[in-house]
Every structure is written in C-alpha cells, then in structure tokens.
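Notes to accompany the following structure.
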Amino acid sequence: MAERRTVRRQLRLLPVVPSVLLLLLFLAAPVLWSFHASFTNAALTGRNARNPAWTGVENYVRLLSDPAFPAAVLLTIVFVVASAVVGQNLLGLLIAGLMTRARKPVSAVVGTAVVAAWVLPEIVAAFAAYAYFSKDGTLNQLLGNAGAAGADWLYAYPMVAVVLANIWRGTAFSMLVYRAALADVPRDISEAALMDGASGWQRLVFITLPLIRSSIATNLMLVTLQTLAVFTLIWVMTAGGPSNASTTLPVLAYQEAFKFGDIGYGTAIASVLIVLGLVFGIGYVRLLKGDKR
Amino acid sequence: MHRPAKILAALMSAAALLATSACSAEKPAAEDRTLKIVYQKTDSFSALDTLFKDAKKDFEAANQGTKVELQPIEANDDDYGTKLALALRSSETAPDVFYEDTFKVRSDVDAGYLLKLDGYLEKWDDWKLYNEAAKAAGTGDDGGIYAVPLGTDTRAIWYNKKVLQKAGISVPWQPRSWDEILEAARKMKAADPSLVPFNMYAGKATGEGTVMQSFYELLYGTDSELYDQQEKKWVIGSRGFTDSLAFLKTLYDEGLAVTPAEALDANVWKKVFGEWLPKGKMGATVEGSYTPSFWQKGGNYEWAGYAEDMGVAKFPTQRGQEPGGVSMSGGWTLAVGADSKNPDLAFKFLSEAVSKKNSLAFTVSGSQIAVRTDVAAEAEYLAANPFVKDVSELVSVTHYRPATADYPRISAAVQEATEAVITGALSPQEAAAQYDKTVRDQVGDAKVLQK
C-alpha cells in the first residue's frame, strides 16, 4: 500500500518536469553564466572582449572600494521597501479591502483603473510617468491650475518620483492577489467574531490578516523580486541621475556592463543583486513557514 | 472566479520573470553568399539607410547570386555601440560590413572584431582620394587600416544674429577669448533677461555631447590636454581642467546657459535646435557641423530662415593663444567583420557603398564634412548649406578623442565632473580632484601623468 502511494506521489510530479527544465534553461543558466562572468575581466571591446581571463575576486574587491556601490545598494533597498513592500503591498491590500465592500460598479471601475497601469508595457508606463512628473508635465500643470507652484520633480526629487511611479505601475498585482485571498476568507469566522463584539480593527488584525498570511508572504516575495529588477522605469525617467541620485543596482550594472563595456564588473553587480533577492526571499519563506506551525 | 485569477497572476508573473531573464540570440544566416550589413538608423538620421538601400540595389544587380541583407539598428549612438559590440562578440552573429564610430575603431581592433583592409585598399583606386586626417581615423595601433571613413564633423559656435544685434553686438561675431564670450553673454542677458545667452552642455544626460560639444572645446583651448599622445598616459591635476570647469560654473551660476535642471534632461538638445534658437530665445550654442541638417528641408525642425538668421563662429582658445580656435571631430566609418565568410565580397560591397555618387549624396543629406577630395570639390557639396565652407575650415584646428579602450570611462568621469560643478555639488577644484581620483582608480597609476 505504502509503496504504491509513493509511486503515485512521484507520478504526480511528472507535469512539473517541463517547467522545471524551462526554468533551468532560461533562469538558472543565465544566472550561472553571470556568476561565472563576474570572476573574469570580460569586456564588450578591447583586448579582453574575446579572450577574457579569470581574475578571481578582483571585481568584488573593486566593488567594495567603489563609492558608487554602497549608494546604489542603499537606493535599491529604499526603492524596494518604499515602492514594493510598503507602497504596492499596503495600497493593494487597502484597495482590495475597500473593493470587497464597495458596490459592484464602483469596484469594477476602480479595478479597471488600477489594472490599466499594470497592463501597460513597462516602456509605455515609463514614458507616461516621465510625461507626468517632468517639469512641463501633467502634474505641474494640475498644480498650476490649482494655484500651487510645482517643482522639477525628476531633478529635485528623483527617488520620490520613481517610487511613486512604481507604486502606480505595480499596485494592481498586489490588489489582484489580495482580492483573491480576501474572497477565500470564510465569512462565518468573521461573522462569529462580530457576534463576539470584535471591532472592525480587531477583526482585521486577529482574523483576516492571520488567515491571508500566506498570501501576504507570497505577494511580498513576488513584488519584491519584480521591483528589485526594475530598470526601464528608472532608466527612462531619470537615467539614474541627477548625479547618481536614483542609480539603483540594475542601473549601475547596466552602466558598467554596456556603457563602459565592462561585462565582468557589471555582472559582479548583478550577482550582488541576486544575493539581495535571496536575502529578501529567505525572509519571506520564513514568514510562510511560520504560517504552518 | 478568484482562484483562476490567482493562478493567472502567478503564471503571468512567472512568464514575466522568464521573459526578462531569457536572452535571445539571433540565428546566423546559413546561406553562403549573403552579406549581412549592420548600421544605425533613427528618425532624425535616415541618410545612411538611403545610402545602403542604393548600394544594395546596385550591388545585387552587378553581382548575381549575392544577397545583401540590411539590418538597420534603431537606436541612439550609445545603444547602437552596445548592440553592435554584442553582435560582434560572437562570430555567429557578427555582421560582414558595419557602421563603426571612429573612436571605437582602436579598441574594437584590439578585440579582434575588424578585418585589416590594407591589402584591399592597395588595389582600390579611390583610396588615394581620401584626405590624410580621415585615413588616420580608421588606423589601428599597429598602423594598419581597418575602416574606411564615411564623413567627419567639426564643432563651432552657432549664434542667432538677431539676438546678438538686439544686445548691441555687431555681426559677424567672432570672440577671441573666453572672456569675450562671457562679455557678450552678459550683454545679451542684460538686453533680455528671459534669454538663454550662451549654452554649453554639461552633465551625464547629454553623454558624449557634453564633452564633444562643450568641455573639450574649453580644455583643448587651454595649455593642458586630456591625454598625452607621446607618453600614452592620461593627464591629471592640470590647471586647464579646473579652469574649464570654472568657466562652465560661471556660465551656469550667472544664468547665461540653460538651468541645471534643463541641462540634465537628455532631450535638451531638441529644445536648442527645435525651439530656442529658431524662436530667438537663445543667443548661441556650441554644436556640430551637422547642425543645418536639423533645419534644412526634410530635417526634424525645418526652419526656412536659418540660413539668414544664424551665424557660425570659431570657438576661441582660453586667452586667444595660438592657433586661435578649437574644434573637435568625430565621424563614422565602414568596416568589415574579422569573421566574415566572404571578405572579398564584403569589401567589394563596402567600396560600392562609399562610391563617389553614394558619398556625395550621404555627405549632403547628412550635413557631413567630406573626406573624399573629389566629393569636397563638388559644387553640390559646397552648396549644400551656407555654412559648409566655415565648418570645413575648422578641420585645421580640430582635435580627435583619444580612442583607447579606457576612453568611455574617462569621458563619463569628465561628464560627472561637469555635472557636479553646474549643480553646485562640488567646486571646480573639488570636482577636478575627484576626476583625478576616478582616473587613477580606473586606468591605474602607471597610465596616469600628473601635470
């Protein structure tokens, strides 16, 4: 009996095989290649272009003494925490929560509006955000109509602008995840809590949030990983400037690898980005495990 | 209803992750007698596209059984360079003939991307018609020639005569020193405070434009230099470098140039050509010899009155010292890929592309400075726009960038120094010191010369 059960369990894994193979081919292979390249002096042009040499940890040593690097790590963390963990995540939860209570047409309109930003290709969304925040842009025209003086947002507050743009663009994802999660919360439990005299706030903290905890962790993981890799949005809006004030790790890696042709150094930065993703990822996995206890 | 939504969301995010991480490689053309041609094409630059289309038609007609496959890359200069380098990295994707920036020739020769053309050029009669400076642009470190120049350019001061006259400055205007530029700019500002009197690019957003159309005009007009050709070392700690930064600081601090925020917008040049100069909102700017191509019929910012309203002046040296002016030149070439399976055919196509007929058409429509003496003597070339003669003469005071593999980093460090100065983040002395440190870190002490 037990044997047959294990065979059946193994057979159940069969449908997963193609996707695992695809993942290995398209995800693991480039990651491994990138790790390998980060230990070489591979370049786009010049002597090292075709016959790169193994240089060991040289690129990483150089990274540690590069003043642009710690700044980029800090900006990346600020960008991820502000726009994904706080912005997209909380706003997504809030909108999803309000939508479950709102009337159908209202929630449909809100849902469409939010999802519209998400459906736009990243490059289009980036140009839209640029047009919105630039000096003669929509935001300043609106402010001007209201009699308020705008600022040159992309120049004076580049990080604020890209964080807001990323929240605008990505909130729909969190909203969809939380809509699904909230719909799965059994009604009778919160009704029972209501009978016991729990306030709305208490029901949220003690009933709803614990019940959707795994959705929260999954969502946090996905939006974090997506946001860590955001490049187009920042590149189009500020190109990492002014004076590196919005240069996150992907922007820095791109500059080093493709603008200066230093593939080895660029991939070393990308490798740090992967490690950063792993750190966030492990944190969320812990959160998920805590749920099962 | 909600479960499928959740699954869909998960699937889509997985697909997005896959799509961003998967890298695509183009399949090589299997056919033997197919030539692959890679070049740049943008909305404002289609002269090259025309040239290659014409060359393809003639070449295919004259060489039955040979196919020419044009692969234009739609990108700006930076991105074009990156895409080309990525294609050249593998012999599978490398083109047979491609459009190559002069300042990348040496490092790409080092990388083994370019085929040495000496043997072909000896047998090609037209080669004798190229001027010597242009021939040098395609020369590698070993003295061999690896690329055939298509055209070159120079930089000058372009000024709006009406704006200057309104400020009481007589035209034609030719400043003799940096001080005379400031003097004129202050007069214009006094006459109309809403003007941008004298613009020079700064900061990283305008990229090579910042150094080619601004900083090097200053630096090469001092007694200092960026790179010592004899010693093959980068110069740091020079007086001229700090002076040049200080000049930019004066321009920006006194509001004589655009605002720092405008300078750090990568699209600022569009406003210079499309708005400020034609509308008389800007006195002068430092720009390339290709400037009229924007205003000519069919250009991006057609302006019929430009020939009458605009004037051109030589950029002066710091204190009017010899040779009295400064210009910078770049330009582009055509090269044959080192891995080409049909090098003979590839060169044949290249020589067809730069024939007198094609060169003339390209030089005129692209507002280039001719590199072939037979093209330079053509009436059609001289009549292409009213400024051809003025900007062609600047070749006598022009400089070329040090085309080493380190150059892109040095250029970026210079751009960063100008950005720090115009935004007030650092003083000219501090920014120069930071530049010195960056150069030392990037190229190593052995390749640095303290002056």
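Worth a mention:
- Some residue of region A:14-26 being under 27 Å from residue A:249 (Cα atoms), within 14 Å of chain B (Cβ to nearest Cβ) and in contact (Cβ under 8 Å) with a residue 40 or more places away in the chain: no
- Within region B:192-205, considering residues that are within 14 Å of chain A (Cβ to nearest Cβ) and open to solvent by 20 Å² or more (accessible area, probe 1.4 Å), the one nearest to residue B:417 (Cα to Cα): B:204
Condition check ((1) in contact with an Asp or Glu (Cβ under 9 Å, 6 or more places away or on another chain); (2) without any contact (Cβ under 8 Å) to a residue 40 or more places away in the chain; (3) surrounded by 20 or more Cβ atoms within 10 Å (Cβ to Cβ); (4) not in a helix (DSSP H, G or I)) across all residues:
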position	(1), (2), (3), (4)
B:374	yes, no, no, no
B:380	no, yes, no, no
B:390	no, no, no, no
B:395	no, no, no, no
B:410	no, no, yes, no
B:414	no, no, yes, no
B:418	no, no, yes, no
B:425	yes, yes, no, yes
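- Considering residues of region B:64-83 that are more than 9 Å from every other protein chain (Cβ to nearest Cβ) and open to solvent by less than 20 Å² (accessible area, probe 1.4 Å) only, the residue nearest to residue B:361 (Cα to Cα): B:68
- Test: residue B:328 is in contact (Cβ under 8 Å) with a residue 12 or more places away in the chain, buried (at least 16 other Cβ atoms within 10 Å of the Cβ) and out of contact with any His (no Cβ under 6 Å at 6 or more places or on another chain): no
- Restricting attention to region B:354-365, the residues that are under 15 Å from residue B:63 (Cβ atoms) and in contact with a Lys or Arg (Cβ under 9 Å, 6 or more places away or on another chain) total 0.
- Identity of the residue in region B:171-191, outside any helix (DSSP H, G or I) and modelled with pLDDT of 95 or more, that ends up surrounded by the most Cβ atoms within 10 Å (Cβ to Cβ): B:175
- Residue ID - farthest from residue A:85 (Cα to Cα), chosen from residues in region A:152-164 that are surrounded by 17 or more Cβ atoms within 10 Å (Cβ to Cβ) and within 12 Å of chain B (Cβ to nearest Cβ): A:152
- Every pair of residues 6+ apart whose Cβ atoms lie under 8 Å, when the first sits in region A:216-244 and is under 21 Å from residue A:136 (Cβ atoms) and facing another protein chain (nearest Cβ under 8 Å) while the second is of a type in the set (D, E, K, R) and outside any helix (DSSP H, G or I): A:239/B:204; A:241/B:204
- Filter result (more than 14 Å from every other protein chain (Cβ to nearest Cβ), buried (at least 23 other Cβ atoms within 10 Å of the Cβ) and either among the small types (Gly, Ala, Ser) or within 16 Å of residue A:215 (Cβ to Cβ) (or both)) within region A:165-198: A:165
- For residue A:118, the conditions (1) in contact with a helix residue (DSSP H, G or I) (Cβ under 6 Å, 6 or more places away or on another chain); (2) within 14 Å of another protein chain (Cβ to nearest Cβ); (3) open to solvent by less than 50 Å² (accessible area, probe 1.4 Å) are fulfilled apart from (3).
- Selection from region B:36-55 of residues that are part of a helix (DSSP H, G or I) and open to solvent by less than 60 Å² (accessible area, probe 1.4 Å): B:47, B:48, B:49, B:51, B:52, B:54, B:55
- In region A:83-93, the count of residues that are surrounded by fewer than 15 Cβ atoms within 10 Å (Cβ to Cβ) and either farther than 30 Å from residue B:204 by Cβ or away from chain B (no Cβ under 13 Å) (or both) is one or more.
- Subset of region A:44-59 [on the phi < 0 side of the Ramachandran plot, open to solvent by less than 50 Å² (accessible area, probe 1.4 Å) and either polar (S, T, N, Q) or more than 12 Å from chain B (Cβ to nearest Cβ) (or both)]: A:45, A:53, A:55, A:59
- Region B:249-292: number of residues that are assigned to a helix (DSSP H, G or I), open to solvent by 30 Å² or more (accessible area, probe 1.4 Å), away from chain A (no Cβ under 14 Å) and farther than 23 Å from residue B:388 by Cα: 3
- Hits in region A:232-266 (condition: in a helix (DSSP H, G or I), open to solvent by less than 30 Å² (accessible area, probe 1.4 Å) and within 17 Å of residue B:409 (Cα to Cα)): A:251, A:252, A:253, A:255, A:256, A:257, A:263, A:264, A:265, A:266
- Test result for residue A:137, within 13 Å of chain B (Cβ to nearest Cβ), of a type in the set (Gly, Ala, Ser) and in contact (Cβ under 8 Å) with a residue 40 or more places away in the chain: no
- Residues within region B:137-151 that are in contact (Cβ under 8 Å) with a residue 40 or more places away in the chain and either out of contact with any Pro (no Cβ under 7 Å at 6 or more places or on another chain) or within 14 Å of another protein chain (Cβ to nearest Cβ) (or both), tallied: 6
- Just so you know, in region B:207-239 the residues that are over 23 Å from the mean Cα position of the chain (by Cα) and among the small types (Gly, Ala, Ser) include one that is most open to solvent (accessible area, probe 1.4 Å), and it is B:237.
- Selected residue (criterion: surrounded by the most Cβ atoms within 10 Å (Cβ to Cβ)) from residues of region B:84-105 that are facing another protein chain (nearest Cβ under 9 Å) and over 16 Å from the mean Cα position of the chain (by Cα): B:88
- All positions within region B:107-119 that are part of a helix (DSSP H, G or I) and within 9 Å of another protein chain (Cβ to nearest Cβ): B:107, B:108, B:110
- Pairs where the first residue, in region B:61-86, is without any contact (Cβ under 8 Å) to a residue 24 or more places away in the chain and the second is open to solvent by 60 Å² or more (accessible area, probe 1.4 Å) and among the basic types (Lys, Arg), C-beta under 8 Å, 6+ apart: B:82/A:259
The values are calculated or read from the model by the stated rules, or taken from the named source; none is laboratory data. Since the structure is predicted, the reported quantities are computational estimates derived from the model, not experimental observations. FYI the Cβ positions are ideal-geometry reconstructions off the backbone, even for glycines, and counts take in every protein chain you see. Ligands, DNA and RNA are excluded from the accessible area calculation, which covers all protein heavy atoms including side chains. Shrake-Rupley method; radii C 1.70, N 1.55, O 1.52, S 1.80 Å.
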